[in-house]
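Before any comments, here is the structure.
The values are calculated or read from the model by the stated rules, or taken from the named source; none is laboratory data. The shown structure was predicted, so the numbers you read here are calculated from the model rather than taken from an experiment. Here the Cβ positions follow ideal geometry from the backbone for every residue, glycine too, while neighbour counts run over all protein chains shown. Each accessible area value is taken on the protein alone, full model and side chains, heavy atoms only, with ligands, DNA and RNA left out. Shrake-Rupley method; radii C 1.70, N 1.55, O 1.52, S 1.80 Å.
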Amino acid sequence: LVISILSGPTGAGKSTWCIEKSRRIDGVVVSADHFMMPKLFQDLDITIYRGVQLRDYLRLRENNSFYYEFNPEMLGEAHPGCFRAYIEALMKGDENIIVDNTSVNAWEKSPYVLAAQAYGRDYEIVRFETPLDRCIEQSKVEDKEIVRKHYHVHHNRNDAGNRVNHLPWWSEVQA
């Protein structure tokens, strides 16, 4: 009964982590990336705003059915839609919810943490520490500068050596 909010640069292995998790538990994945795969959702007759069952993630991966096409024009719809799917999963009482977004900034994680707290749910921020060269290699986006930007924001620290994109009272684990 946990909410996992994934945090890591593009190409860090967050979606692969979801696949591995799907082999052990049942739950729902919400992701802004789902809005970059409209054909996939149409083919499977899945409503994007409801999230994807983990067992479907596994099936999609085995069939190589990810039709990911990054479209920056969709971001204005993708992130609010992802949050809406998250709130719906909370309201339905889904036991395990995974937020599969980049979430390298505190402001990206905050709404998910606050909603989990408002619904009295346990959560963890799962932090991915994948090396930059591997992120670039694994990323599905063509503009690798986006990967570099996410990576550097994810690892940003202040003069005291504290991460600036994480609040100290948040529950965090390493992937």
Practice item. Would you mind stating whether Thr102 is open to solvent by less than 20 Å² (accessible area, probe 1.4 Å), in a loop (DSSP other than H, G, I, E, B) and in contact (Cβ under 8 Å) with a residue 12 or more places away in the chain? Key: no
Exercise for review: Could you please tell me which pairs satisfy a Cβ distance under 8 Å, a separation of 6+ or placement on different chains, a first residue in the stretch 121-137 that is loosely packed, with under 13 Cβ neighbours inside 10 Å, and a second residue that is part of a helix (DSSP H, G or I)?
Suggested key: Asp122/Ala116
Check your understanding: Would a scan of the stretch 69-92 turn up a residue that is over 28 Å from Asn156 (Cβ atoms), part of a loop (DSSP other than H, G, I, E, B) and open to solvent by 50 Å² or more (accessible area, probe 1.4 Å)?
Key -> yes
Practice item. Please find, within the stretch 139-150, the residue that is nearest to Glu108 (Cα to Cα) out of those that are assigned to a helix (DSSP H, G or I) and touching a Ser or Thr at 6+ places or on another chain (Cβ under 8 Å). Key: His150
Check your understanding: Out of the stretch 139-157, which residues are in contact (Cβ under 8 Å) with a residue 24 or more places away in the chain and either of a type in the set (Lys, Arg) or crowded, with 16+ Cβ neighbours inside 10 Å (or both)?
Key -> Ser139, Lys140, Val141, Ile146, Val147, His150, Tyr151, His154
Practice item. Mind telling me which of the residues Asp45, Asp33, Asp26 ends up being at pLDDT below 85, acidic (Asp, Glu) and closer than 23 Å to Gly120 by Cα? Key: Asp26
